[in-house]
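First the structure, in the form of C-alpha cells, and then the observations on it.
Here, each number is a calculation from the coordinates, and none is a lab measurement. Worth saying up front: this structure is predicted, and the values here are computed from it rather than measured. Cβ placement follows ideal geometry from the backbone for every residue including glycine, while neighbour counts extend to all protein chains displayed.
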Amino acid sequence: MLSLQNAGKRFGPRILFLEANWLIRAKEKTALVGANGTGKSTLMKVLAGLETLDYGDLQQTKGMSIGYLPQEGLRLTGRTVFDECLTVFDELKEMDREVERLSGQLAELDHAGAEYEAVAERYSMLQERFHALDGYALDAQVGTVLTGLGFGKEDWGRQTDEFSGGWQMRIALAKLLLAKPNLLLLDEPTNHLDLETRNWLEDYLHNYPFGYILISHDRYFLDVTIDRTVEIWNKRLNVYQGNYSKYLTQKEDRRAQLEAAYRNQREQIEHLEAFINRFRAQATKAKQVQSRIKELEKIERIEIPEEEPVIHFKFPQPQPSGRMVVEVENLSKSYGEKQVLNNLRFGIERGDRIALVGVNGAGKSTLIKLLTGVETPTSGTIKLGHNVISEYFAQDQYKVLDPEARMLDDISRAAVKVPELQLRSLLGCFLFSGDDVFKPLGVLSGGERNRFALARILVSPSNFLLLDEPTNHLDMRAKDVLLEAIAAFSGTVIFVSHDRYFIDRLATRVLEVENGTVFSYEGNYEDYTRKKEMLAAGVAAAFAEPLPTVLKKPVSTGTTIVIEGGPESGNGSGSRARRLNPIKQKQMEERCVFLEEEVPRIEAAIAHTEQQLAVYVSAEETQRLTDLAAELRRELAELTAEWEELMMQLES
C-alpha cells in the first residue's frame, strides 16, 4: 500500500532518521511514537507528500488516497459547517447531477437506437456506484459525524469562521472522516476533544474500513485504537506488534537485549585490542595482529542511545487545612437567562483528588471558577474550611504571567528554596531545555506559557489546587511528572482533564456535571464508567444521586443522616430516614471519622512492610516482618468491618 525504503531525513545538520524501512499495509492501525524532537510529525508530513525525503524512496499504490490532519493551523472560511463537510462529496454530487442528466436523455432517445444503449449502460453504472458509495445518505453521514464530534444541530448552519481554533480542527477532522481515505494520518487528533468526543472517535476508528496512523499523547486512546506501534528511536524505525501498553513491555525487553549485545561486543573488542597491543611489536605475530586489526575494523559498533532521564519531582508539602475543605450549599449560577448550575450542595474533604467530567459546555470550568472566587454565584454559598489556601490553574493561565520576566528567574522567585539544577530539570520535563530557560515569557506561545505556568505551580503549591485542563499541551513524560507529583501531594485537588489515563490513575472521586447538576461517583475513571454503564442498564440507580440531596460521607443534617449512593430507609418508597438519639448519633459519626482516617494509615503501613519484605536481610527479620504484616491485615479487617457496621446502623 505504502512503503519507505532506506529512507532518511535531516532537520538542518541534525539527522532525524536513517535507513528507515516501513511497509504500511492496508487496514493496519498504527501508532507512531518517540521522544519529542525525534521527527514524528516530520515523518507524517513525508507520508502525506508534504515534505520530501533526503535519502531513500517513498512508494505508494497507484490510486490510493491519503488524508492528513496536522496538530493545528487549519482555518476554514466562507461556508457553513454543514456545507463545508459536504464539500468532501463533490465528486458524488457531480455524479448525482450526471445521473439526472442521463435520466432526461433516456426519456427522449429512441429505445431501439445504439445511443440509447450507451446512455443506459452509463446510467446503470453510475447509479450502482452512487448507491455503493451511500450517495443517497450524504446528509445523514454528515450529521452523524458532526454530532459525534460535539456539534449541536444549532451549530450546523453557523459559518465556520465563527469557531475557535480547536473547533476548526474538529471540522477538519470531520471532513477527513467523511472522506474515508485509504490511509488516515492523524497528528494529535484528540488535542481539542473532550471525553465524550474521544469516546466517539475511538468507536469510529474501531470500525474504520481502512488503515490509519496516529500520533497521540493519550495512552488510553492509543491502547484501544491501535494494533501496531512504530517507534522512532536511535535514528531508526522500530516496529512492535500490539497496542501501546504491549509496546512499552516489548521496548524494555528489546533494550535489555541491545545492552546485552553491547556488553558482549565490548568484551570482544577489548579482547582484540589487548591481543593487538600485546603482540604488535613481535614480528612472529605480525600476521595474526593484522588479522585482528582487520577483524576489529569490520565490527559494526553497537550504540546505546541515552534515554531521557526520568524526573521524580515532589511538591513541597503545604500546611494542612482543616478536614472539611469546601462546603457548598444551594449553589446556582446563570448567565442572563441561561442556567448553568442549579442548586448544588456538596462537600470536599482534605486529601480528596476529584476529577470533574462532563461534555463541553456542561459547566465544569464555571464550577471551578466559582470555587476559586473568580466567578460569583447567582445564589447559594461556598464556604472554605479552616486554613484553606487555594491556587487556580486556568486554561488561559499564561495571561497572568509577566511577559518581561525570564523563565528561570520567574520560577526561581516562586521557589527560593529549590536548587536551580532541580528547577532546570523540572523545566526540561515541560519541554524547556538549554537556553530556552533564559527566554522572556512574552516570546513564548500561549501553549508554552501555560506549560511554564503549570511547572511554576508545582514548585510552590497551596493546600487546595484547582486545575482546569492541566494536561493540555503536555507530552507523556510531562504528564507522568505531573501525575506523580499530584499523587504524592498531601493537599486537596480538584481538576478537569480529558486524559482518561491521567484521571484513572489520579482520581479518588469523580463529579459529573450534567444538566445543571452534579453527580458523585466514588473511585477513579474506570469505576465511574462501570457505574454509568450499570445506570444506563437500569441496574445501579443507587450508585449516584444528585448532589443537592447527598454528601460524600455521613454528615449530620439536623436529625437525618444522608449517605451517598445509599437507598432511602424505611419500607415505603420515599420514606424519611429514622431519627436517632443526637448524642449517640454524634458518637457514631465521630467514630466513623476516626476510622476513615485510621484505615488509610494502616494500609500505608502494610504497603511499607511489604516493601521491606522485598529486600532480604535475614531469616529472623523476614519472619518479624511477615508477622507484622499479618497483624496489620487483621487490624485492617476489624476496623473495616466496624466502619461498615456503623454505616449500616446510621443508614437504618
Discussion item. Taking 8 Å as the Cα distance limit and 6 or more residues as the minimum spacing, I'd like the relative contact order of the chain as a percentage.
Written reply: 11 percent
Discussion item. Quick query: amide H of Val518 versus all other amide H atoms, modeled in the peptide plane; which residues come in under 5 Å with a sequence gap of 5 or more or a different chain?
Written reply: Leu547
Worksheet entry | Inter-label distance for Ala614 and Ala256, nm, one decimal - labels placed 7 Å from Cα along Cα-to-Cβ | 1.5 nm
Item to complete: Run the numbers on region 79-184 and let me know its relative contact order in percent, using alpha-carbon pairs under 8 Å that are six or more apart.
Response: 45 percent
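Output the antiparallel fraction of DSSP beta bridges having both residues in the chain, as a percent to the nearest 5.
On the way: 43 of 76 bridges.
Counting only bridges with both partners in the chain, antiparallel ones make up about 55 percent.
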Worksheet item: Among Lys9/Lys235; Lys9/Lys246; Lys29/Lys532; Lys62/Lys180, which pairs are too far apart, with a Cα-Cα distance over 20 Å?
Response: Lys9/Lys246; Lys29/Lys532
Worksheet item: Around Leu16, which amide H atoms from residues at least 5 apart in sequence, or from another chain, sit under 5 Å from its own amide H, with H modelled in the peptide plane?
Response: Lys9, Arg10, Phe11
Discussion item. Just to be sure I understand, if you calculate mean projected area of the Cα convex hull in nm² for this structure, which of (1) 47.0; (2) 35.8; (3) 32.1 do you get?
Written reply: (1)
Worksheet item: On full extension of the chain, what length is gained from Ala281 through Lys439, given 0.36 nm per residue of separation minus the C-alpha to C-alpha distance?
Response: 51.1 nm
Practice prompt. State, to one decimal in nm, how far the label point of Asp96 lies from the label point of Tyr208, with both points 7 Å from Cα in the Cβ direction.
Written response: 2.6 nm
Practice prompt. Please order Asp352, Asp110, Asp218, Asp468 by the number of other Cβ within 10 Å, starting at the fewest.
Written response: Asp110, Asp352, Asp468, Asp218
Worksheet item: If you stretched the chain out fully between Thr52 and Lys298, how much longer would it get, using 0.36 nm times the residue separation minus the C-alpha to C-alpha distance?
Response: 85.3 nm
Practice prompt. For region 9-92, evaluate the Debye formula with one uniform point scatterer on each Cα (no solvent term) and list log10 I(q)/I(0) at q = 0.16, 0.22, 0.27 Å⁻¹, rounded to two decimals.
Written response: -0.84, -1.24, -1.57
Practice prompt. Could you go through region 74-80 in sequence order and give the Karplus-derived ³J(HN,Hα) for each residue, using 6.51 cos²θ - 1.76 cosθ + 1.60 with θ = phi - 60°, rounded to whole Hz, and x for Gly and Pro?
Written response: 7, 9, 10, 9, x, 9, 6
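Using packing as a proxy for protection, rank 147-159, 500-512 so that the peptide with the highest average count of other Cβ atoms within 10 Å comes first.
Values: 147-159: 14.9, 500-512: 21.7.
Ranking the peptides 147-159, 500-512 by packing returns 500-512, 147-159.
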Response to the item:
Computed ³J(HN,Hα) along region 231-240: with the Karplus parameters 6.51/-1.76/1.60, θ = phi - 60°, integer Hz and x for glycine or proline, the list is 10, 8, 8, 6, 6, 10, 9, 10, 9, 10
Response to the item:
Any residue on another chain or 5+ positions along whose placed amide H is under 5 Å from the amide H of Leu467 is listed here as Phe393, Ile494, Phe495, Val496
